[in-house]
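Notes to accompany the following structure.
The values are calculated or read from the model by the stated rules, or taken from the named source; none is laboratory data. Worth saying up front: this structure is predicted, and the values here are computed from it rather than measured. We place every Cβ from the backbone using ideal geometry, glycine too, and count neighbours over all the protein chains shown. Each accessible area value is taken on the protein alone, full model and side chains, heavy atoms only, with ligands, DNA and RNA left out. Shrake-Rupley method; radii C 1.70, N 1.55, O 1.52, S 1.80 Å.
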Amino acid sequence: MTSTAQHALSHAVAQREFLTFVLGEEHYALDIMAVKEIRGYEPVTRIANAPAFIKGVLNLRGDIVPIVDLRMKFNVGEASYTEFTIVIMLNVDGRIVGVVVDGVSDVIALAEEEVRPPPEFGVAFDSQYLVGLATIDEQLVILVDIEKLISSEELSLFEQKQNNVQE
Amino acid sequence: MSIEMEQFHNVFFEESQEHLDEMEQFLMELDLEQPDKELLNSIFRAAHSIKGGSGIFGFDALTGLTHVMENLLDRARKDTLQLTTAIVDTLLSTVDILKGILNSYRSGGDIDWAAISQGTEQLEQMLSKGVEPADEKGYGLFEQPVLGKVDDSFGFFEEHTDVAEDEGFGLFDMEESAVSETSEGDKADVVPASTEPQTSQAQDKGTASQPHQPTVERKAPAASVESSTIRVDTQKIDALVNLVGELVITQSMLAMIGDKGGLEAEERRQAALVELQRNTREIQEAVMSMRMLPMSFVFNRFPRLVRDLSGKLGKSVDLQIEGGNTEIDKGLIEKLVDPLTHLVRNSIDHGIEAPEVRAQSKKDSEGRLILRAAHKGGSILISIIDDGAGLNRARILAKAKDNAIWVSENPQDIEVWNLIFAPGFSTASEVTDVSGRGVGMDVVKRNIEALGGRVEIESEQGKGAAFHIRLPLTLAILDGMCVSVGDQVYVVPLVNIIESIQPLADQVRSMGNDKLLWVREEYWPLISLGQQMDVRPQHKEVTQGIVVLIESAKKRFGLWVDALVGQQQVVIKSLEQHYKRVPGVAGATIMGDGSVALIMDVESLATQVKSAPQPVQEAS
């Protein structure tokens, strides 16, 4: 690892840190800079006419924050809510969004050359939201472009840019 | 620029802006025959402060001009110079130039040196002669707004004045005004930059106020950026510090009692809780009051506007400002400026008639315009009242017909007046005048509604018109009724609620799939909140639940909920900040237990309602 680190330093290649989380059977990772905090699941206030994977909104110290259950969105894992259910609070484009995942495992550091191109198929995520693959301790980790996913039209969390104008 | 320096600069900008506003206001108040010494001193001090500050920070453009201004003011206050209207006009236009420079410095734009040298020259002329400057010297350095006819009331007022020369009064970005007059070409050659249209300095256009013309009120684009700092009366802060002190005491009281049992401890605990409640409320009020500014912040700019505009139109208008001390939320104040300006312009332009016409109709030759602000219940009422010609019913109806806008037969006056808010009302020629800022009556209405307010019109032909703007006191806090459906709690704004009832079986009628409720001699269409919000209600029958009778701007309807939870003040939080707009929901709030409750948007719920047949028109 030290050689990698030196390598990264000498080439000024940023060694980025990722937070790994579990969805169903697979391990995913997202850029840790997007993570605001990790907390337990709390009951939310439902929002009418929102898709089922948008659980609702909750109060994060005075901010009204939407909660998305990625397990439901991608049909993996079991969408049950216990005291061990984990919510990752993300900060994307100045907005805060909470995502429910099966579990959070670790923080890993990856240099650019450790990341291989993403597969075209075989994971719950559409490949357009994937950054690449990496292997940590023989465990395959899928890197997710969380910013792109959260602001995607598919999740429809935000008003899409083109119809931002209020009528 | 280092951060600290920038901080100082910002303070300087803020203060200078205040000084300039002050100067303008005081200049307007000056009695030319017997100028108030104290007033002159204040103006002098303001100019001096700007000069000093600009010298320190190296804003030379400001220093030079204020220096000459100061000289002039100094002579005026030492009685060696008799003030004339021309001098005051020049001083006012100097204030305008200074504002322009300040904005250029603030926004990092180019300095309009031509305007400065011209302003300096004018002032020096005043100094040397102490008399009127050569009137017809156009200086030629400035873009003369070349504008068409301003008729942004869309001709609904009886016009007795030809306003074809209306120059837009500098309130608009005048793109087409870039045609510059260079009557004195040599001057223009010295400072050629000034003849170029400088969009960043659009505010400087129109400053070429020749002394014989009324000076021009301008609203610089940069100035319309909401200021991010706020000045608070130290008394208010002291009061808050005091209250926080009390809060700390109450907290320690509660800590001392702790979870002790027994009757005595329980009594003390209750007392402390009552104290805590009082403290919280008072702190809330104190903090909210810091956001409040007196309406005079907006009103103070109107004497100048009215003076300039009426002078230009050859009308004489007496402006009366009432209730300038009425406090209103800072956020509202900044958004009120444009709509109010538009309405005042309209009143002078099209409401108040020319003196001759007024004499014919046996009115005072001086028209009267009242700007009034007052608290009315939980809201603020701002009125713009003139004693002019009033709205012209026939003309509005004709225009509606031209524009193919549907009007019912024999419409009531209110209905006719409201037609002027229709977006399609302006005709092409009018659009060009106002398009610079996009302000028309429909925009006025939209702006006010965006603030949660309403505009009402009263008008009597020949007697005058009144525009009433009703606004909530603050945007941040709402009196709400909490209602529950299933396991969810929703907040309905209290202002919209007429009453809440548990309906009897014979009050409920069905009409197809829709339900109607017969209350108060009226059929009320029913909406199920559970259905709207996709929540399963506790009760299947309306008669087991509660119906909240709601009045929106458009319709009246009944909202069927499971139960009333209680009435309380809620703090409005934006849902859009981290999520998106949800139909039927105005925002969210945080309840006492930390959970989130959605605040219903009554107006958008009303659009879901089909109008009920009304056998009896009058509601009791």
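The A-B contact accounts for approximately 2100 Å² of buried accessible area, totalled over both chains at a 1.4 Å probe radius.
Once the Cβ-Cβ distance of A:A52 and B:L564 is raised to the sixth power relative to R0 = 30 Å, the FRET efficiency obtained is 0.50.
Between A:D145 and A:L130, A:V131, the built amide H atoms are under 5 Å apart, and every one of these is 5 or more places off in sequence or on another chain. Ranked by the mean number of other Cβ atoms within 10 Å of their residues, highest first, the peptides B:346-359, B:391-404 come out as B:346-359, B:391-404.
Among the residues of B:559-568, the average count of other protein chain beta-carbon atoms within 10 Å of the residue beta-carbon is 0. List for segment A:37-73: residues with 20 Å² or greater reduction in accessible area, all protein chains versus chain alone, probe 1.4 Å? In segment A:37-73, residues shielded by partner chains: A:T45, A:R46, A:I47, A:A48, A:N49, A:V57, A:N59, A:G62, A:D63, A:I64, A:P66.
Take B:447-456, A:51-60 and order them by the average number of nearby Cβ atoms within 10 Å per residue, most first; the result is A:51-60, B:447-456. What FRET efficiency comes out for the pair B:T280/B:L127, r = Cβ-Cβ distance, R0 = 60 Å, nearest 0.05? The computed FRET efficiency comes out at 0.50.
A full extension of the chain between B:D21 and B:K540 corresponds to an added length of 180.6 nm, given 0.36 nm per residue minus the alpha carbon distance. Packing here is the average count of other Cβ atoms within 10 Å per residue, and on that basis the peptides B:115-122, B:457-464, highest first, run B:115-122, B:457-464. Among the trypsin sites (Lys or Arg not before Pro) in segment A:64-153, none sits in a DSSP loop with a Cβ that has at most 14 other Cβ atoms within 10 Å.
Phi angles of segment B:258-275 translate, via the Karplus equation with coefficients 6.51, -1.76, 1.60 and θ = phi - 60°, into HN-Hα couplings of x, 9, 4, x, x, 5, 5, 4, 4, 4, 5, 5, 4, 4, 5, 5, 4, 4 Hz per residue; Gly and Pro are given as x.
Derived scalar couplings between HN and Hα for segment B:30-46 equal 4, 8, 5, 5, 10, x, 5, 4, 4, 5, 4, 4, 4, 4, 4, 4, 4 Hz in order, rounded to whole Hz, by the Karplus curve 6.51 cos²θ - 1.76 cosθ + 1.60 (θ = phi - 60°), x for Gly and Pro.
Run the accessible area of segment B:229-287 with a 1.4 Å probe and give the carbon-and-sulfur part as a rounded percent. The computed percentage sits at 61. Counting Cβ atoms of other protein chains within 10 Å of each residue's Cβ and taking the mean over peptide B:480-488 gives 1.
How would segment B:1-144 be classified by its alpha-carbon gyration tensor: rounded, prolate or oblate, with rounded meaning a/c under 1.5 and the a/b versus b/c comparison settling the rest? Oblate. Scalar couplings 3J(HN,Hα) for segment A:136-144, obtained by applying the Karplus form with A = 6.51, B = -1.76, C = 1.60 to θ = phi - 60°, are 10, 6, 6, 9, 6, 10, 9, 8, 10 Hz; x denotes Gly and Pro. The mean number of Cβ atoms from other chains found within 10 Å of a Cβ in peptide B:456-463 is 0, as a whole number.
Within the accessible area of segment A:2-146, the carbon and sulfur atoms contribute 49%, probe 1.4 Å, all protein chains present.
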